[in-house]
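> Here it is, the structure, as structure tokens.
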Amino acid sequence: MDLATKEIDGLMRLIGLTKEQEIDCGQCHAVIAEFAEQQLTGRSIPDGLKVVEDHLSIYAACREEYGYCRRQCGPWTTIDANIQKYSR
């Protein structure tokens, strides 16, 4: 089976995105809600969750799951922000 130039370019792009420290999809799903919450609340991403961001840049299925988590967390983070704002 010969690979087309476009397929080879795609594989080379993915190889270029690899990092020394990576997680698999199962590990990503285990912490993706926490990652989404951190981003939605504007908190800095802890070092332990930075690998999630790298993983999401490569895997479309995990990006889809991340989008779902953001949509689910969104209303709650808005409520939480309002509670903090008015409790001062």
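> Would you mind stating whether Cys62 is hydrophobic (A, V, I, L, M, F, W, C), buried (at least 17 other Cβ atoms within 10 Å of the Cβ), closer than 29 Å to Gly10 by Cα and modelled with pLDDT of 85 or more? Talk me through it step by step, then tell me what you get.
Working: hydrophobic (A, V, I, L, M, F, W, C): yes; buried (at least 17 other Cβ atoms within 10 Å of the Cβ): yes; closer than 29 Å to Gly10 by Cα: yes; modelled with pLDDT of 85 or more: yes.
So Cys62 passes the test.
> Could you grab the pairs with beta carbons closer than 8 Å, sequence gap of 6+ or different chains, first residue in the range 19-41 and over 18 Å from Ser57 (Cβ atoms) and part of a helix (DSSP H, G or I), second one charged (D, E, K, R) and modelled with pLDDT under 85?
Close Cβ pairs satisfying both conditions: Leu40/Arg70.
> Somewhere in the range 2-11, is a residue in contact with a Ser or Thr (Cβ under 8 Å, 6 or more places away or on another chain) and modelled with pLDDT of 85 or more? Steps first, please.
Start the filter on the range 2-11 by keeping residues that are in contact with a Ser or Thr (Cβ under 8 Å, 6 or more places away or on another chain), which leaves none.
No, the range 2-11 contains no residue that is in contact with a Ser or Thr (Cβ under 8 Å, 6 or more places away or on another chain) and modelled with pLDDT of 85 or more.
> Among Glu20, Glu7, which is the only one that is among the charged types (D, E, K, R) and either under 12 Å from the mean Cα position of the chain (by Cα) or surrounded by 10 or more Cβ atoms within 10 Å (Cβ to Cβ) (or both)? Explain how you work it out, then say what you get.
Values: Glu20 fails: either under 12 Å from the mean Cα position of the chain (by Cα) or surrounded by 10 or more Cβ atoms within 10 Å (Cβ to Cβ) (or both).
Exactly one of Glu20, Glu7 is among the charged types (D, E, K, R) and either under 12 Å from the mean Cα position of the chain (by Cα) or surrounded by 10 or more Cβ atoms within 10 Å (Cβ to Cβ) (or both), namely Glu7.
The values are calculated or read from the model by the stated rules, or taken from the named source; none is laboratory data. Please read all numbers here as calculations on a predicted model, not as lab measurements. For neighbour counting, all protein chains shown are included, and Cβ atoms are generated from backbone atoms with ideal geometry for every residue, glycine included.
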